[in-house]
Amino acid sequence: MEINKSSNNEIYRFGGPLQIGLHQDGKRLTPQRKKILGLFEDKGSGNHLSAEDVHHLLAQADTRVSLATIYRTLKLLVQMGFLHELELSEGGNRFELSSQDHPDHHHLVCIKCGRTEEFENEHVLQTGRLAAERIGFKLIESTLNVRAICPDCQ
Ligand SMILES: [Zn+2]
Ligand SMILES: [Zn+2]
C-alpha cells in the first residue's frame, strides 16, 4: 500500500516554495505572504516559530503587521501547503516549513518556554501506519508531540 506521507511532496521536487510560482489552490502568494514565508526559509527547516515570533522578527525588519493578520497568513500558508502547523496545547501553535528533508519527525516541546526540539522514531511511524491500515483509514501523518520541561525551565 502506498503511504501518502505529505500532500506537498510533489511541489518540492521543483524547488523551494518561493520558486514555485504564485498560485497554489487558486490562492495568491502576495508580497506580505511571501515575506512571512521568507522568514521561515531564511531560518531553514527544523525551526518552529509562533505567530508572536514572526511578529517580533517582522518588527525587527521594520515591518508592522498586526498579530491577527500574521495569524491569518500563517493559517493560509498551511492551507497552501508551504507551512506545517504544530498544534500544541500550551504556548500557542507553532509553524515550520513543510519539508521533504524530514517529513516524519516528532517534537519535544517545553510547556513553559515553548522550546521545541525534533526527533525521529521509526516505531511511532510504524504504529500509526498499522493502526490506520487496520481500520482502513488513509494515513496522512503520524506525529508525536511530547510535552516536557526543558533544562532551563526546570
Ligand atoms: Zn519540526
Ligand atoms: Zn523551557
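What ranking do 130-137, 75-82 get when scored by the average of other Cβ atoms within 10 Å per residue, highest first?
75-82, 130-137
Residue by residue through region 134-150, what is 3J(HN,Hα) from phi via Karplus (6.51 cos²θ - 1.76 cosθ + 1.60, θ = phi - 60°)? Round to whole Hz and write x for glycine and proline.
Going residue by residue, I get 4, 10, x, 7, 8, 6, 10, 7, 10, 10, 10, 10, 9, 8, 8, 10, 6 Hz, with x marking Gly and Pro.
Between Gln32 and Leu86, what is the FRET efficiency for a Förster distance of 30 Å, r being their Cβ-Cβ separation, to the nearest 0.05?
0.85
Sort Glu41, Glu87 so that the residue with the fewest other Cβ atoms within 10 Å of its own Cβ comes first and the one with the most comes last.
Glu87, Glu41
FYI, it's all coordinate maths here, none of it is from the lab. Remember, predicted model here, so these are calculated numbers, not experimental data. Ideal geometry is used to build each Cβ from the backbone, glycine not excepted, and the neighbour counts take in all protein chains shown.
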